[in-house]
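Chemist: Below is one structure. I have some questions about it.
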Amino acid sequence: MSPRPVTHDDGQVPITLVDAFASGPFTGNPAAVVVLAREAPAEWMQAVAMEMNQAETAFVRRGSDARWLLRWFTPLAEVDLCGHATLATAHALWESGAVDAPTIAFDTRSGRLTASRESAGMIALDFPAIASSRTDAPPACGEVLGIEPTEVLMGAFDLLCVLPDADAVQRLAPDLARIATWPVRGVLVTAAGSNREVDFVSRCFFPALGVPEDPVTGSAHCALAPWWAARLGKSDLVGVQLSRRGGRVACRVSGDRVELRGRAWTTVRGTLTG
């Protein structure tokens, strides 16, 4: 028997599909957003996330002191930090009229996160910076990736592999089944941007979580932006994720925090019935 949903007073559970870090509809990274009336069983949330089959499904409900409680699930597991689904959630709350304040505070497994509404549809996320340090490459790393990285680092969640140039990142065709066996959340590959408008590029793989390649990964930029900021000697950067859908993330590194900026578009509104 499947876990029962937690419905609103009208018996409905609204769900929205939002493209985050997007240049328009059907670009960037889609996330499902479920607004809950009260706490829901984790088993039910995981079942919904599997049904939606997006990189992330966000579940949000009102907390105390105007804060919101936010959790994120991939099709296979709950995660500690997700940028694009947080941006999608903020967009959905503002668009629905559930929030009219210009800033939303979220309580999450990664502490307090905020989203701020800016001009021209831009949303700024205040996230923790993730430090990465050099580490030994996993066995047969070059064979698994198809290229030997010039540097390998480990952050709080993910392995970060630096490649020689943006073309190498674009052409990469890693062995995802073998990556899924590595003891990390995922693998981020990155290189310097190929023009003055882009500081760095990346691609992000999370096969162990049921996400072979993530289109645009906000949490990855919490690690990528500080590393590139130190290397390039600048705090304001633009990262482009070279996935099939692609996406652009404006980053600002300030001490132990990273601001991630992007836009979002709603593509689907509906109601959960299961």
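Chemist: Name the residues in segment 78-100 that are open to solvent by less than 30 Å² (accessible area, probe 1.4 Å), more than 11 Å from the chain's Cα centre (by Cα) and of a type in the set (Gly, Ala, Ser), would you?
Modeler: Result: ALA90, ALA92.
Chemist: Does segment 243-261 hold any residues that are in contact with a strand residue (DSSP E or B) (Cβ under 6 Å, 6 or more places away or on another chain) and either at positive phi or crowded, with 22+ Cβ neighbours inside 10 Å (or both), and which are they?
Modeler: GLY247, VAL249, CYS251, VAL258, LEU260
Chemist: Of (1) assigned to a loop (DSSP other than H, G, I, E, B); (2) open to solvent by less than 10 Å² (accessible area, probe 1.4 Å), LEU160 satisfies all except one. Which?
Modeler: (1)
Chemist: Quick one: VAL216 ticks every box in (1) out of contact with any Gly (no Cβ under 7 Å at 6 or more places or on another chain); (2) crowded, with 22+ Cβ neighbours inside 10 Å except a single one, so which number is it?
Modeler: Of everything listed in (1) out of contact with any Gly (no Cβ under 7 Å at 6 or more places or on another chain); (2) crowded, with 22+ Cβ neighbours inside 10 Å, VAL216 misses just condition (1).
Chemist: Any residue in segment 122-134 that is among the hydroxyl-bearing types (Ser, Thr, Tyr) sitting within a Cβ distance under 7 Å of a residue that is at pLDDT 95 or above? List the pairs, counting only those 6 or more apart or interchain.
Modeler: Listed pairs, sorted by first residue: SER132/LEU153; SER132/MET154; SER132/GLY155; SER132/LEU160; SER132/ALA223; SER132/TRP227; SER133/LEU153; SER133/MET154.
Chemist: Of the numbered conditions (1) of a type in the set (S, T, N, Q); (2) in contact with a helix residue (DSSP H, G or I) (Cβ under 7 Å, 6 or more places away or on another chain); (3) under 16 Å from VAL79 (Cα atoms), ASN53 fails exactly one; give the number of that condition.
Modeler: Result: ASN53 fails condition (2) only.
Chemist: Name the residue, out of ASP65, ASP100, that is over 25 Å from THR217 (Cβ atoms), touching a helix residue (DSSP H, G or I) at 6+ places or on another chain (Cβ under 8 Å) and either among the aromatic types (Phe, Trp, Tyr) or not in a strand (DSSP E or B) (or both).
Modeler: ASP100
Chemist: Is it fair to say THR89 is among the hydroxyl-bearing types (Ser, Thr, Tyr) and either closer than 16 Å to PRO14 by Cβ or touching a Cys at 6+ places or on another chain (Cβ under 8 Å) (or both)?
Modeler: Taking the combined requirement at face value, the residue satisfies it.
Chemist: Answer with yes or no whether ALA42 is modelled with pLDDT of 95 or more, farther than 30 Å from GLN241 by Cα and not acidic (Asp, Glu).
Modeler: Yes; evaluated as a whole, the condition is true for this residue.
Chemist: From PRO226, PRO174, which residue is touching a helix residue (DSSP H, G or I) at 6+ places or on another chain (Cβ under 6 Å), touching a residue at least 12 places away in the same chain (Cβ under 8 Å), farther than 24 Å from THR89 by Cα and outside any strand (DSSP E or B)?
Modeler: Answer to the check: PRO174.
Chemist: Conditions: (1) farther than 13 Å from SER132 by Cβ; (2) surrounded by fewer than 19 Cβ atoms within 10 Å (Cβ to Cβ). ALA191 meets all but one. Number of the miss?
Modeler: Failed condition: (2).
The values are calculated or read from the model by the stated rules, or taken from the named source; none is laboratory data. As the structure is a prediction and not an experimental result, all values here were calculated from the model. So basically every Cβ, Gly included, is an ideal-geometry build from the backbone, and we count neighbours across all protein chains shown. SASA here: full protein model, heavy atoms, side chains in, ligands and nucleic acids out. Shrake-Rupley method; radii C 1.70, N 1.55, O 1.52, S 1.80 Å.
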